[in-house]
Every structure is written in C-alpha cells, then in structure tokens.
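Notes follow the structure.
The values are calculated or read from the model by the stated rules, or taken from the named source; none is laboratory data. Everything numeric here is computed off the predicted structure, so don't read it as measured data. We place every Cβ from the backbone using ideal geometry, glycine too, and count neighbours over all the protein chains shown.
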Amino acid sequence: MGFETLTITSAGGRTEAQFVPAANMVCCSLVDDGVERLEMRRGLATYAEAGKTMGIPLLYPWANRLGRFGYRAAGREVTLDESDQRLGRDSQGLPIHGVVPGFLRWEVVDAAAPDTIDARLSWTSPELLELFPFRHEVGVNVAVADGELTIATTVRATGEDPVPVSFGYHPYLRNPSAPRERWEVELAASRRLVLDDHGIPTGEREPVAQSRVTLGETSWDTPFDGLAQPARWRAAGGGAAMTVTFGSGYEFAQLFAPAEQEFICFEPMTAATNALNSGDGLRILAPGAEHRAEFTVTVAEAQRAS
C-alpha cells in the first residue's frame with residue numbers, strides 16, 4: 001500500500017518532518033541533523049490498516065483504552081461492536097486508540113509554506129458518527145523549526161450537540177546516541193494514576209516519588225496527572241536529549257517505555273484513559289465551542305537542552 005506524504009523542512013534546513021493525510025495525519029518521520037528520531041515499529045501500512053502505532057500518531061477520538069466496548073458521554077450511550085474492524089484492540093481485546101487510522105482521511109487546507117501544514121478532518125459521515133456520534137471538526141497545524149516540531153490540534157463542535165474531548169498523541173522517540181539503559185528521564189508530573197489489571201484507572205492517585213530516573217532495565221506504561229506548567233518530559237543520554245513539552249490543553253500524560261525496546265513515549269492526553277466512561281478529566285464542548293491543545297518535540301544536545 002502506497003501513501004502520499006507531505007514533507008516540511010525548517011528554515012535552517014536542519015530538521016524535516018513527514019505527514020500522511022490518508023492515515024490520520026500521522027507523523028511518519030522526524031529527521032534532525034540527518035538522524036531519524038522516530039521509531040517506525042511495524043511500519044506505516046500496518047499502522048493504517050490495523051492501528052499498530054508508530055511515529056507520532058494522533059489517537060482519536062479517544063486515547064488509550066476503553067474499559068468496555070461502549071461508553072456513556074455527553075448524554076449518549078454508545079455500544080460498540082466487538083467485531084468491528086474499524087476499532088483497534090489491545091493485547092487483552094479492549095478497544096484502544098479510537099478508530100483505525102486508514103478510516104481517517106484528512107483534507108489538506110494549506111501546505112504552501114515549506115515549514116507548516118494545516119489540515120482538517122470532518123467528523124460528519126455515517127461511518128464515523130456510528131462510532132462517535134458527535135458531529136464536529138478537527139484541525140491540525142504542524143510547524144517545524146531547527147530541532148523542533150510543534151503539533152497543535154483543535155476540536156470544534158460544529159453540530160447542535162455537545163462533543164466530548166478525549167484525544168491524545170503517542171510520540172515514539174529514539175535516541176541512537178546511547179542505549180536506553182543509560183537514558184536519564186525527567187518526569188513532569190506530581191501524581192500517577194493507579195491502574196487495574198486491564199490497564200484502566202481505578203480513580204485512585206499516588207504521589208510520584210522521583211522526578212528523575214535512569215531507565216535501566218525498567219518497563220513503563222504509566223499514566224500521570226498533576227502536570228507541571230508547562231510540562232517538560234525529557235530523556236537524555238550520550239550527549240543528546242529528546243524533550244516533549246506540553247502546552248495548553250493537555251492535563252494528563254502516559255509514559256510508555258517497554259523493557260528492551262529502544263524508544264520512549266511521552267504521551268500528551270486531554271483526559272484520562274477511559275474518560276468516556278469515567279468522566280475523569282473529560283471536557284464537554286458546547287455547540288460552537290472549541291478546544292485547542294499543543295505540544296512540541298525538541299531534539300538537542302544534552303547540554304543545550306538543560
């Protein structure tokens with residue numbers, strides 16, 4: 001399967017990013033100083049067809065798992081079909097990360113400038129409203145500068161009904177300058193959410209004991225709130241550092257760094273996992289209202305990023 005990609009390049013020529021409008025506007029490459037900084041995992045085709053995440057994917061219309069095949073939000077009870085191929089599933093069979101990306105095709109509104117793209121997704125088709133029955137529009141603006149990529153996402157309630165907001169992103173970051181066991185990680189949150197055996201938050205919180213850890217051989221799939229303002233998540237090693245800074249609009253995060261894998265994910269989230277069922281952090285947009293959320297990925301030498 002071939003995909004048309006859009007490439008943007010920083011004014012100084014140091015940094016280049018690629019996006020795929022026909023696969024949920026995924027960022028499928030971020031090259032800085034000639035080095036690829038994103039993990040591609042199973043590749044673009046598997047991402048588009050089965051929702052197996054890679055690069056920097058948008059998780060839409062919900063980030064992470066739902067606790068069941070259905071939800072109740074903004075006054076609507078929605079039942080999802082467990083056999084529906086439009087939905088991704090986690091290792092335990094729960095719906096995860098919303099709609100499979102190949103069903104989410106974006107319209108490019110403006111790509112005239114060499115360093116920015118504006119794109120739009122209209123959530124109005126019967127196929128999409130069956131899964132998430134809230135008429136709305138999503139806009140994404142991406143911009144690249146030397147050593148930096150910023151992604152701003154805006155949800156607009158364009159219909160007559162309120163719209164719940166529960167999306168996030170999943171940046172798979174690589175630092176080939178050092179093996180992951182030597183990466184020094186800085187956390188930007190004061191609390192972690194307690195999970196049950198299915199990875200669903202129980203509603204309990206625990207304080208974060210350390211804000212700086214060495215990744216070593218540890219494995220992480222941990223949600224957080226109580227974020228710093230702004231929240232700067234950082235992994236450094238071998239003289240290089242990757243930082244993800246959450247701007248306005250993101251109040252939750254997930255740190256995903258499985259053992260023996262050479263990547264780390266600092267995931268910005270607008271609401272907690274399973275918020276469409278629990279309501280934890282869930283925003284409900286009134287008709288005509290919008291919610292904007294922004295984050296920036298920065299690549300730098302460790303001393304310059306300190």
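Summary of computed values
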{"quantity": "In segment 96-144, residue surrounded by the fewest Cβ atoms within 10 Å (Cβ to Cβ) [restricted to those that are under 28 Å from residue 68 (Cβ atoms) and among the aromatic types (Phe, Trp, Tyr)]", "calculated": "103"}
{"quantity": "Qualifying residue in segment 68-80 (condition: of a type in the set (Gly, Ala, Ser), touching a His at 6+ places or on another chain (Cβ under 7 Å) and under 22 Å from residue 281 (Cα atoms))", "calculated": "no"}
{"quantity": "Yes/no for residue 218 being out of contact with any helix residue (DSSP H, G or I) (no Cβ under 8 Å at 6 or more places or on another chain), of a type outside the set (Lys, Arg), touching a residue at least 40 places away in the same chain (Cβ under 8 Å) and in a loop (DSSP other than H, G, I, E, B)", "calculated": "yes"}
{"quantity": "Of all residues making up segment 229-253, the number that are touching a helix residue (DSSP H, G or I) at 6+ places or on another chain (Cβ under 6 Å) and either within 12 Å of residue 269 (Cα to Cα) or part of a loop (DSSP other than H, G, I, E, B) (or both)", "calculated": "1"}
{"quantity": "Residue satisfying all of: in segment 29-78; of a type in the set (Phe, Trp, Tyr) and over 13 Å from the mean Cα position of the chain (by Cα); surrounded by the most Cβ atoms within 10 Å (Cβ to Cβ) among these", "calculated": "47"}
{"quantity": "Output for segment 1-24, where each listed residue is in a loop (DSSP other than H, G, I, E, B) and either modelled with pLDDT of 95 or more or buried (at least 20 other Cβ atoms within 10 Å of the Cβ) (or both)", "calculated": "5, 10, 11, 12, 13, 14, 21, 22, 23, 24"}
{"quantity": "Some residue of segment 209-217 being over 20 Å from the mean Cα position of the chain (by Cα), over 30 Å from residue 5 (Cα atoms), among the β-branched types (Val, Ile, Thr) and at pLDDT 95 or above", "calculated": "yes"}
{"quantity": "Count of residues meeting criterion [under 15 Å from the mean Cα position of the chain (by Cα) and of a type outside the set (A, V, I, L, M, F, W, C)] in segment 233-273", "calculated": "12"}
{"quantity": "Verdict on residue 82 being within 29 Å of residue 146 (Cα to Cα), among the acidic types (Asp, Glu) and part of a loop (DSSP other than H, G, I, E, B)", "calculated": "no"}
